[in-house]
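Structure first, commentary second.
The values are calculated or read from the model by the stated rules, or taken from the named source; none is laboratory data. These numbers come from a predicted model, not from an experiment. Counting neighbours? That spans all protein chains shown, and the Cβs are built from the backbone with ideal geometry, glycine included. Keep in mind that these areas ignore ligands, DNA and RNA; they rest on the heavy atoms of the full protein, side chains included. Shrake-Rupley method; radii C 1.70, N 1.55, O 1.52, S 1.80 Å.
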Amino acid sequence: MNFPIDKIRADFPILEQQIRNKPLVYLDNAASCQKPSQVIDCISNFYRQDYSNIHRGVHTLSQRATDKYEQARTKVKDFINAESEKEIIFVRGTTEAINLIAQTFGKANIREGDEILITAMEHHSNIVPWQMLCEEKGAVLKVAPINKLGELIYDEFEALISDKTKLVSVVHMSNALGTVNPVKKIIAAAHAKNIPVLLDGAQAIPHMSVDVQELDCDFYVFSGHKLYAPSGIGVLYGKQALLEAMPAYQGGGDMIRTVTFEKSTYAPLPHKFEAGTPNIADTVGLGAAVDYLNEVGMDTVAAYEHELLVYATEKAKQIKSLNIIGDAAEKGAILSFTLDNIHPHDIGTMLDSVGIAIRAGHHCAMPVMDFFEVPATARASFAMYNTKEEIDVLMEAIQELINIFG
Ligand code: 7TS
C-alpha cells in the first residue's frame, strides 16, 4: 500500500540512532511506543508558554492551561466517538483505570456469590484487581478458556455467562498473543443479560479505529504511552449513566462541589473521578498524539500494520525451529514466538547486540505462558513507523542465532 513511511519515520527522532553500531530496530511497541516530534514539541511548548495549575485560577496562564487540558478531553472524546466529555476520565493508565472501576463500580455492585467473567488471555492488570475485589466480597472470578491458536473459545465464554455474572471484563487485543477478540459479539451476549462490559483497550487503541458507541461497551480503558503519547496518562471511558451512579474514587481537591466537616458533596462528571492536580502537560501531549493519529488516519495505520504482520508471520513460518505463540485468525501487529533450544531472554539479549529491541518475558500474562507451557516468549510488536526491511533484519538475526546456538 501507499503509506508515507519516510515522512512518518522522520517524525520520530529517537529512531535515527545507532545501537551497538547498528541502526536501531525498535520492535517493543506493545510495551511502549516512541513519540513523534509533534508530541514532544507540544509538551515542551506547553511548559515554555502555557503551564500552570488548572481549574482553580482566574489568571491567564491558569485559564490557558485549563483550556488545553479540556481540549485534550474533547480530542479523546472524538477519537473514540464517546457521546460526551463527561464520559472521559483521565487516569494514569490502563492499570489505574481498571482499579478505579473495581474500587468504585465493583465495590458498589459486586456481592457475595456474584461472578466476574474474564478470559484466559488477560494481562495481569485485568486479573489481579478482580481477584482482590472477589476476595473482599466473596465473589467468584470466572475465566473463559482459549485454544491453541490463542483464540477465545467463544461458545465456552458464552456458556459461562450466568445469572450471577455482574461484569464481563475482556481484553480487546491481547498483548501476549496479538489476538483480537470478537468484542461486539461478547458485548451483545452480555447485554442480552443486562451485564455491563469493560474492554481493556491498551493494545487495541494504537492499532485500529475504536468507536465506543458502535461497540456499545460500557467501559473502555487505555494508556497514552502505547498510543504515541507520554506515560503517566491514560483514559477511562464509561457510559455517563454508569459513571454517575458510581461512588467517587479518591477524595481531595477538584473532585468536590462543597466541603464542610460534616459532609462533602462531589463535583459533576468527569471531575468527580479526578481528585488532585492531574498530569496536566502529558494530558495535553495525549491530545497532540490524537491529532497526529487523526492526520495519519487510524484505518490507514491498521492497513499498513496488517501488511507488516502478514509479512512477518510468513517469514517467521519459514524458520523451522521458530514456534509462533498465538496464531489467531484475527490478530493485531504482535508476533510472539519461541525458538527451540534458545531461551527467550537469550533471544532478547542477543538481538539487542545487533540493535534490535524486542521484549522477552511473560508479558504480564503468566496464565497465557502456563497455557502454552512456555516460561516466556520473545515478542516483536510493530508500530506504524516500522518497515518490512526491519522485519528482514529481525528474521536474518534470528536465523543467525539459530545457526550459532540452536
Ligand atoms: N492491558 C494490556 C492488554 C496491556 O498490554 C497492558 C500493558 C496493560 C493492560 C497495562 O497497561 P499500563 O499502561 O497500565 O501498564 N502491557 C505491557 C506489555 O505488554 N509490556 O509492557 C506493558
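Name every residue in the stretch 331-341 that is within 24 Å of residue 308 (Cβ to Cβ) and either more than 16 Å from the ligand (Cβ to nearest atom) or more than 25 Å from the chain's Cα centre (by Cα) (or both), in order of residue number.
338, 339, listed by residue number.
Could you grab me the full set of residues in the stretch 198-230 that are within 16 Å of the ligand (Cβ to nearest atom) and acidic (Asp, Glu)? Selection gives 200 alone.
Within the stretch 121-166, the set of residues being more than 25 Å from residue 194 (Cβ to Cβ), crowded, with 19+ Cβ neighbours inside 10 Å and among the charged types (D, E, K, R) comprises just one member, 151.
Out of 354, 368, 310, report the one residue that is more than 16 Å from the ligand (Cβ to nearest atom) and either among the basic types (Lys, Arg) or surrounded by 15 or more Cβ atoms within 10 Å (Cβ to Cβ) (or both). Exactly one residue qualifies, and that residue is 354.
Give the residue, chosen from 274, 295, that is more than 30 Å from residue 146 (Cα to Cα) and surrounded by fewer than 16 Cβ atoms within 10 Å (Cβ to Cβ).
Only one candidate passes the filter, namely 295.
Annotation note: of 186, 233, 195, the sole residue that is more than 30 Å from residue 281 (Cα to Cα) and either surrounded by 23 or more Cβ atoms within 10 Å (Cβ to Cβ) or within 10 Å of the ligand (Cβ to nearest atom) (or both) is 186. Contact map, the stretch 96-117: first residue open to solvent by less than 30 Å² (accessible area, probe 1.4 Å) and of a type in the set (Phe, Trp, Tyr), second residue in a loop (DSSP other than H, G, I, E, B) and away from the ligand (no atom under 16 Å from the Cβ), Cβ cut-off under 6 Å, separation 6 or more or different chains; pairs are 105/246. Among the residues of the stretch 246-266, which ones are in contact with a helix residue (DSSP H, G or I) (Cβ under 9 Å, 6 or more places away or on another chain) and assigned to a loop (DSSP other than H, G, I, E, B)? Listed by number, the residues that qualify are 246, 247, 248, 249, 250, 254, 255. From the list 265, 300, 283, the one residue that fits, being of a type in the set (Ser, Thr, Tyr), open to solvent by 40 Å² or more (accessible area, probe 1.4 Å) and at pLDDT 95 or above, is 300.
Inspection of the stretch 168-186 finds no residue satisfying the criterion of being outside the structural domain of residue 362 (by TED's automatic domain parsing) and free of Cβ contacts under 8 Å to residues at least 24 places away in the same chain. Taking (1) more than 16 Å from the ligand (Cβ to nearest atom); (2) part of a helix (DSSP H, G or I) in turn, residue 111 satisfies each apart from (2). The residues on offer are 7, 35, 22, and the sole one that is open to solvent by 10 Å² or more (accessible area, probe 1.4 Å), within 16 Å of the ligand (Cβ to nearest atom) and either free of Cβ contacts under 8 Å to residues at least 12 places away in the same chain or not assigned by TED's automatic domain parsing to the domain that holds residue 216 (or both) is 35.
Within the stretch 67-85, is there a residue that is among the β-branched types (Val, Ile, Thr), more than 16 Å from the ligand (Cβ to nearest atom), free of Cβ contacts under 8 Å to residues at least 12 places away in the same chain and part of a loop (DSSP other than H, G, I, E, B)? Checked the stretch 67-85: no residue is among the β-branched types (Val, Ile, Thr), more than 16 Å from the ligand (Cβ to nearest atom), free of Cβ contacts under 8 Å to residues at least 12 places away in the same chain and part of a loop (DSSP other than H, G, I, E, B).
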